[in-house]
Amino acid sequence: ITVVTARFLGPNGRGIYSFLENVLTVAFLLGSLGLTYAATYFIASKKYSPQIIFFNSIFFGLILGGIMSFVTFFSFRFFPALFHGISINLMTPILIIMPLSFVAQLLTYIFFGLQKIIAFNISQIVWRFFLLVGLVVFLMFWPETETAIWVFAGSMTIYLVFRSTGHIQLRISR
């Protein structure tokens, strides 16, 4: 993915793309409040069923992701030096996808608690596959950073839709 974005976007576009990916990562690290480790612990210790952790991960992922999206937007508007050179057109998909990103991250850690490391790795490979194909197809016709950011957001959304509708089955039961 790095090679594709570097070739199509050039050094400046690749840098902006990487920066915005890191905005999501930092927001998750600050906003998840350790829920990934809690989910892993509670499932592994069998204190709660995987289904309860699954639905709590969706609920808290959306809530915490929404809060961090607001915090990120607030930072973007009132501390522009932190986001020098980043337009609102580039920030918008990141702000939209942030709650879904939280949900996706929290759900994948359920596999750790179930000791299904292969399922965890497969989920990451499937999402990255959607991202890679989307980047190659769309950047061939629209080689802009904004396109890459929307593909990033879209690939995560498509992955979550496929997973939630059962087209990608990664079982969470024991």
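All of the numbers you see were taken from the coordinates with simple rules; none came from a lab. Predicted, not measured: the structure shown is a model, and the values here were computed from it. Quick reminder, even Gly has a Cβ in these numbers, built from the backbone with ideal geometry, and neighbours come from all protein chains shown.
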Task: Matching label, mean projected area of the Cα convex hull in nm² computed from the structure shown, candidates (i) 9.8; (ii) 13.5; (iii) 11.9 - done: (i)
Task: Residue-averaged 222 nm ellipticity for the chain, from DSSP H runs of 4+ at -39500 (n - 2.57), nearest 500 - done: -27500 deg cm²/dmol
Open item on the list: Can you tell me how the range 34-87 classifies by the Cα gyration tensor, rounded, prolate or oblate, using a/c under 1.5 as the rounded cut?
Closed with: prolate
TODO: Give the relative contact order (percent, whole number) for the chain; include only Cα pairs under 8 Å separated by 6+ residues.
DONE: 31
Open item on the list: At R0 = 22 Å, how high is the FRET efficiency between residue 58 and residue 87 if r is their beta carbon distance? Nearest 0.05 is fine.
Closed with: 0.10
Task: Where labels lie 7 Å past Cα in the beta-carbon direction, separation of residue 137 and residue 73 in nm - done: 2.9
- [ ] Could you run the Karplus curve 6.51 cos²θ - 1.76 cosθ + 1.60 with θ = phi - 60° over the range 103-120 and give me ³J(HN,Hα) per residue in whole Hz, x for Gly and Pro?
- [x] 4, 4, 5, 5, 5, 5, 6, 4, 4, 5, x, 7, 6, 10, 5, 5, 4, 4
Task: Projected label distance in nm at residue 44 and residue 121, using a 7 Å step from Cα toward the beta-carbon - done: 1.8
